[in-house]
Every structure is written in C-alpha cells, then in structure tokens.
Amino acid sequence: MSFKVYVPAAQHDYTDASLARLRSLLDDSVNEFKLPGLQAGILEPGKQALLAASGTVDLEHRGEAIGNHSSFRIGSSTKMFVAALVCRLAERGLLSLDDRIDTWFPEYPESANICVQDLLNQSSGIKESLFTDAGMMAVSVLDSKKRWQAAEVMKILSKKSKPGVQTTRRFSYANDNYLLLGLIAESAGSASLASQLESEFFIPLGMHDTCLLPWADRLPNGTTPGYDEFIPFGPHLIGREQTSWDSLTFAAGAMSSSAHDLLLWLDALFHGRVVSEKSLAAMRTRLDARENGRDNNITGYGLGIAGYELDGFFLEGHPGGGFGGECFPFYESKSDTSYVVVYNVSRKDNPAGKEILKRMMGASDNPVGYQSCLTDSSQ
C-alpha cells in the first residue's frame, strides 16, 4: 500500500465561542486536577482541528507556557503506531502476522507457540516484566542518562519470562509484547524503529511534533518535561535530557507527540490512509478485555487498538500513561469525530484525562455543568 500525503478538503473553522469554551475547560482542569500543563483537541468531519492548551511545563507554573505544538510523552498510545507499522510490513510481505516469533527469538520461552498477532492483541500469555523488573528499574532510577538497547532488555527478560501456553487466546496486557514487536519491526523493515515510524507516518502525515524518544532531534524544543509518580522513590521530574525511561520503554510507550499530531493520526488511521482496509479491519477486531485490572474502561483489544467505553460513548484508540505523561487519543465512529487529551504528569488512578474527555464530549452526568465544546460550532 502506497502512503500518499493527505491534503484535507476545504474546511471551515469552529466559532470563537467553541474555542473559548475549550480553553476555559482546560484552564479550569489545570487547577482542578493539579496538572502542570494540558493540551486537548477535537476534529469533526469537514472542520479544522479545534485545539487549545493551558498551564506550563512545571507544577509551580513559573516556566514556559504550553502551546498547541508542545510535545508530550504519550506512553502506551505508542502501541497504535507500532501495530500499524507491523501491519504495513505484513502488507509488503516482509513478515506475516501468523509467523512464530522463534524466527527472531529462538531463545525466548515458548516462542514456537507465539505468533506476531498474539503479541499485537496481547494474547501471547507473556506476563508483564518490562516495568516490574527490580534490577532494570533501579538502574533506570540511578542512571537517568542510560540508553537501554531493546535487544539487551529482551535478553534480560527472556531469562526470567515464563509465558504460559494458551490453548484459548485470552487478553492479558504486557508491555513485553510490544518490546518484542519493535525488534521484529526493525528486523523485518531493515531499519530502526524510530526511522521507520518517521518515514512511514510522521513525515507523510505532517506530524512535526512527534518522535520516538529518546531520539528527539526532530522536535524543535524537545519533549515537554513531565512528573511521574509511579516510579519508586518519586515523584520524579523527567526532563528533556534524561534517556533511561524512554529507551527502556521503546516500542511499548516511548513516543512524544501533541494533541494536534494525534488528531492527524486518528483521522488518517480510521479513514483508511495508514493501512489497507483489510489491515484496519483486523486492527479493530477485538478480544474481550473486560475486568483487565489495568483500565476497566478498556472493554476490547484488537491489534494495538482498544475499544473504550466511557459514560455511554464507545471509543477506539489507545490510552497511555507513565514516565511523565498521560494521553487519551480516541475516535468516535458514530459522529466521525476524534478527541485527544494529553498532559505532563502521570499518577496512579488519575481521573483527569477521563473527566476532561467526558466534558469535551458533553457527557450527560457532567458534575460541573460543562456542555460539549462543540456546541454551536457550526453556526
């Protein structure tokens, strides 16, 4: 499938009232949820993106202001991009989703019983160890400028991993799956993951605020510093010069992006401009993921695309969080509308992203009385 640069059709803007409403929502949310900085965006059919930002790079609100093109760590939202890349490689015949992973990792436990698709939809039986390994976590805390190599990390984990053989494929989320997929993509595509994502997606789509960290040379101002409250002995400020967490995360969650760019991505992905119709259908074919123990709004999981139920809305995309950022990029098919919320703090059970998203969509039980930011936008 050839990737053509997308040129949007003639569009009309949102009204000033809609933009003011979104900005007010973000200003209120920065204070309510104690966020450093925040971005959000909405993209309806036939319109330009409605974008707004609030806050600064620091919790004290003394640093530089957040703008519409500030780039934030987006965590596991990275998985959408990695899954789409693997599907494109499969379309070119460079791999098959049915390939057993012992082709690349013969030493990995049960690799002859795990195929590429099992990694993509998190049904491999591999248990989470990438972010639970005490040794790697300690090294990453103590040496913030370490650059982990994904192959090195895989070898460490393969010695400890004991995936169960699954006769029935069931959803069980593990970041290790996407670490392996990143290495498979590098081998099949004969180039680094960072360069493939850039040449396949970021450049053609005009995503100038986006890169795979820690390789942030293409970002004019680097990624926005973020505060993380998951890592032991925290909270930690993860600055632009630190590399340990980004390089450890790799294909499982090391991208940095903006609400602007993520709207471009969602619009292109769900309108068939990223992968073939067949591949997109496969990405949207979901395993049951209810009661998953991580985010119970995730009700199904496809190939890097989650089904997400939020107060009566059914959304598709992939939430992300950790290492100084949280991200909620989703597409709602009934209205053909994309929504993104992203900010530079990561906290356990943080309600901010979901609440802001609900208010943007005009949820009926909105506790503070916000109406949809789209109200009267077509007038």
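Taking every residue in region 299-322 that is free of Cβ contacts under 8 Å to residues at least 12 places away in the same chain and within 18 Å of Asp267 (Cα to Cα) and pairing it with any residue that is open to solvent by less than 10 Å² (accessible area, probe 1.4 Å) and assigned to a strand (DSSP E or B), at least 6 positions away or on another chain, yields no pair with a Cβ-Cβ distance below 9 Å.
Within region 18-77, the set of residues being of a type in the set (Ser, Thr, Tyr) and under 22 Å from Ala254 (Cα atoms) comprises Thr56, Ser70, Ser71, Ser76, Ser77. Looking across region 188-216, just one residue is among the acidic types (Asp, Glu) and farther than 28 Å from Lys145 by Cβ, and that is Glu200. Identify the residue in region 169-201 that is assigned to a helix (DSSP H, G or I) and without any contact (Cβ under 8 Å) to a residue 40 or more places away in the chain and, among all such residues, is least open to solvent (accessible area, probe 1.4 Å). Result: Ala194. Residues that are open to solvent by less than 10 Å² (accessible area, probe 1.4 Å), part of a helix (DSSP H, G or I) and in contact with a Ser or Thr (Cβ under 9 Å, 6 or more places away or on another chain) are absent from region 228-236. Screening Leu280, Leu248, Leu205, Leu263 for residues that are under 19 Å from Phe328 (Cα atoms) and modelled with pLDDT of 95 or more leaves exactly one candidate, Leu263.
Here Arg147 passes the criteria (1) among the basic types (Lys, Arg); (2) in contact (Cβ under 8 Å) with a residue 60 or more places away in the chain; (3) closer than 30 Å to Ser276 by Cα except the one numbered (3).
Residues that are within 18 Å of His208 (Cα to Cα) and open to solvent by less than 40 Å² (accessible area, probe 1.4 Å) within region 44-71 comprise Leu50, Leu51, Ala52, Ala53, Ile66, Gly67, Ser70, Ser71, listed in sequence order. Identification of strands (runs of 3 or more DSSP E) wholly contained in region 268-369 with 1 or more residues that are within 30 Å of Pro232 (Cβ to Cβ) and among the acidic types (Asp, Glu) yields 326-332.
Applying a threshold of 9 Å to beta carbon distances and a minimum spacing of six or more residues, or different chains, the list of pairs starting in region 213-224 at a residue that is surrounded by fewer than 24 Cβ atoms within 10 Å (Cβ to Cβ) and ending at one that is part of a loop (DSSP other than H, G, I, E, B) and modelled with pLDDT under 85 reads Gly222/Ala216. Filtering region 140-153 to residues that are at pLDDT 95 or above and hydrophobic (A, V, I, L, M, F, W, C) leaves Trp148, Ala150, Ala151, Val153.
The values are calculated or read from the model by the stated rules, or taken from the named source; none is laboratory data. Note that this is a predicted model, so its numbers are computed, not measured. All Cβ positions, glycine included, derive from the backbone under ideal geometry; neighbour counts span all protein chains shown. Calculation scope for accessible area: heavy atoms of the full protein, side chains included, ligands and nucleic acids excluded. Shrake-Rupley method; radii C 1.70, N 1.55, O 1.52, S 1.80 Å.
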